[in-house]
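Since the structure comes first, as structure tokens, the remarks are kept for the end.
The values are calculated or read from the model by the stated rules, or taken from the named source; none is laboratory data. Since the model is a prediction, treat every value here as computed from it, not as a measurement. Backbone-built Cβ (ideal geometry, glycine too); neighbour counts: all protein chains shown.
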There are 2 protein chains.
Amino acid sequence: MMVLRFAPASPFVRKVRIAAALLGLDKDIELRPTDPAKGEADFWRENPLGKIPVLIDEHGTQYFDSRVILEYLDHRAGGGKILPRDPAARFAALRLQALADGVGDACLLQVYEGRYRPPEKHVQAWVDMQAGKVARGLAALEAAPPKITTTPDVGQIALACALGYRDLRFNGDWRAKHPKLVAWLDKFSAQVPSFVETKMAA
Amino acid sequence: MMVLRFAPASPFVRKVRIAAALLGLDKDIELRPTDPAKGEADFWRENPLGKIPVLIDEHGTQYFDSRVILEYLDHRAGGGKILPRDPAARFAALRLQALADGVGDACLLQVYEGRYRPPEKHVQAWVDMQAGKVARGLAALEAAPPKITTTPDVGQIALACALGYRDLRFNGDWRAKHPKLVAWLDKFSAQVPSFVETKMAA
């Protein structure tokens, strides 16, 4: 059995859960609820950065962050499934993952402004800078939504999770201006049951 | 000719420059100075996240972030050089890269507290949280510094750049308590001329 350090609202944990399900590995993974803010010694030993997700295999070897875990799971499943081997497809998937994860990171920094700072310490220019990354990222994706492949790749998984996080924490504020991405996410949801199963209520 | 969106103080750009030199690709890359804070339209089109590094190949295809660029450069150089093909070595390199990049990200967030917020908006608990990630990461690495392979892998490159950034922005504050990592970085510097050539004065 593998172990996944897990919290239900993390978009990066969600990537791992969806990848595992797509690869047929979800039954081999025990979910271990972890609050990164608590700083348990075991967790910090597994990942000194104190971030989730962390995957631990049967030999006690740790894998993080989500990108490394997704590549590892793809490798365990034989390779070339959610991470294409063909160079053009592979780098397109990796670029999309980097963009979607970057949108997710910017969303997280917007959330952290409220979580880690009292209102009088907020800095609007910082929040606006993060919002700009999200807006430009989504505008670029709306202009040319990626194809959804039979087995979605790491980029498509990351995009779905970034949009899902925007739904969770920002009340779907992206939807009105991005009709193509709304249709994209509807199609992804219909094709990938684990995306629906890992949905968090706000 | 490839183009690299570049700024001299970025630890993530430095990874790319060192990787390119190790792979013999540095002569094929034109450095294009870019200030991410300026938000040029061309730059934002290449990477909507507004982050450096971005690499653009001869066909106008963009690659980001630094991890994706390193994998792409390794691929261009034939593969299996800075990103091992053997699974155990590959995932160890990817894990080390994720840890070192995570330390670098936490250092950046410490720097950004000063760059993007006036002193009265600083939140010590946030800065301390980032400092904790750096301290735990470096403690774990001091306990077991990675081997330096004949061609350093992406993890070793990332670690050298994270330590170099700590030198640049935090006046080498990590050195006193991490003698093994100091020796490690000395050895890396002696072996990798491009690490010395890309050093920034503080």
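Computed values, structure above
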{"read-out": "Residues (hydrophobic (A, V, I, L, M, F, W, C), assigned to a helix (DSSP H, G or I) and in contact with a Gly (Cβ under 9 Å, 6 or more places away or on another chain)) located in segment B:1-48", "value": "B:F12, B:F43, B:W44"}
{"read-out": "Hits in segment A:55-89 - residues which are among the hydrophobic types (A, V, I, L, M, F, W, C), within 10 Å of chain B (Cβ to nearest Cβ) and buried (at least 16 other Cβ atoms within 10 Å of the Cβ)", "value": "A:F64, A:V68, A:I69"}
{"read-out": "Subset of segment B:183-202 [free of Cβ contacts under 8 Å to residues at least 60 places away in the same chain and crowded, with 17+ Cβ neighbours inside 10 Å]", "value": "B:W184, B:L185, B:F188"}
{"read-out": "Candidates B:K38, B:K27, B:K51, filtered to the one that is surrounded by fewer than 15 Cβ atoms within 10 Å (Cβ to Cβ) and under 30 Å from B:V134 (Cβ atoms)", "value": "B:K38"}
{"read-out": "Residues located in segment A:90-140, provided they are more than 7 Å from every other protein chain (Cβ to nearest Cβ) and among the hydroxyl-bearing types (S, T, Y)", "value": "A:Y112"}
{"read-out": "Looking only at segment B:1-49, and only at residues there that are charged (D, E, K, R) and closer than 23 Å to B:R169 by Cβ, the one that is modelled with the lowest pLDDT", "value": "B:K38"}
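This table checks each residue for (1) under 18 Å from A:L73 (Cα atoms); (2) in contact (Cβ under 8 Å) with a residue 60 or more places away in the chain.
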position: B:I56; (1), (2): no, no
position: B:G60; (1), (2): no, no
position: B:Y63; (1), (2): no, no
position: B:L73; (1), (2): no, no
position: B:K81; (1), (2): no, yes
position: B:A88; (1), (2): yes, no
position: B:E113; (1), (2): no, no
